[in-house]
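Undergrad: If you scroll down you'll find the structure; I have some questions about it.
The values are calculated or read from the model by the stated rules, or taken from the named source; none is laboratory data. All of these numbers come straight from a predicted model, not from anything done at the bench. Methodologically, a virtual Cβ is constructed for each residue, glycine included, from the backbone with ideal geometry; neighbour enumeration extends over all protein chains shown. The accessibility values were calculated without ligands, DNA or RNA, using every heavy atom of the protein model including side chains. Shrake-Rupley method; radii C 1.70, N 1.55, O 1.52, S 1.80 Å.
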Amino acid sequence: VIYIRPLPYFDTPPSCFLRPISLPGSQCSPTISRSGLEATMVSFDRILYELQDEIPELRLVDGIAALCDATSCSQKLPSGELMYADHIHLSAAGGRYFARSSGLADLIERELGATPPAVPIAASPSQ
């Protein structure tokens, strides 16, 4: 079982900070504090790690570690492309980046390449 921990989320979509003119009263920010985001996840993470101890097959994929640097999370990739299509959904480029940087792509490839356990085939009834 693969579980993806929640990804960083933003109060505003990328279109907010991409506008050439700031709207009065708008609070657009392409980044959020990583420590602030992690602080909101402490209780949730504790439950996830307890589950992982109980279910050894559970694989946790950490979205925050994959998409954030040491201090902040950005709506832009290092290449400058948009990581998010809106305030919570990854863009196609963001999804590819996440799959590679989180190890999710490798984990899926490993699981798909694994030989499934043999299932005995029931003998057909004789006539």
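Undergrad: Assuming R0 = 25 Å, can you tell me the calculated FRET efficiency for the pair Glu111 and His89, based on Cβ-Cβ distance, to the nearest 0.05?
TA: Working from the Cβ atoms, E equals 0.55.
Undergrad: Share of the range 18-76's accessible area from carbon and sulfur, percent, 1.4 Å?
TA: About 57 percent, which is the carbon plus sulfur part of the accessible surface.
Undergrad: Starting from 0.36 nm per residue, how many nanometres of slack lie between Val1 and Ser79 once their C-alpha separation is accounted for?
TA: 24.9 nm is the gain from fully extending Val1 to Ser79.
Undergrad: Taking the chain as a Gaussian network, Cα atoms linked when under 10 Å apart, which of Pro14, Pro24, Pro56 shows the biggest mean-square fluctuation?
TA: Pro24
Undergrad: Please label the shape of the chain as rounded, prolate or oblate, based on the square roots a ≥ b ≥ c of the eigenvalues of the alpha-carbon gyration tensor (a/c under 1.5 means rounded; beyond that, a/b larger than b/c means prolate, else oblate).
TA: Here the chain falls in the prolate category.
Undergrad: Using Cα atoms only, what is the angle between the long axis of helix 92-102 and the major principal axis of the chain, expressed in degrees (0 to 90) to the nearest 10?
TA: The angle comes out at about 60 degrees.
Undergrad: So which residue, out of Leu37, Leu104, Leu48, gets the largest mean-square fluctuation from a GNM of the chain using Cα contacts under 10 Å as springs?
TA: Ranking Leu37, Leu104, Leu48 by mean-square fluctuation puts Leu48 first.
Undergrad: Where does helix 42-54 land angle-wise versus the long Cα axis of the chain, in degrees 0 to 90, nearest 10?
TA: Approximately 10 degrees, to the nearest ten.
Undergrad: Tally the DSSP beta bridges in the chain and give the antiparallel ones as a percent, rounded to 5.
TA: 65
Undergrad: Taking the chain as the reference, fit the longest principal axis to its C-alpha atoms, fit the long axis of helix 104-113 to the helix C-alpha atoms, and give the angle between the two in degrees, 0 to 90, nearest 10.
TA: Result, in degrees: 10.
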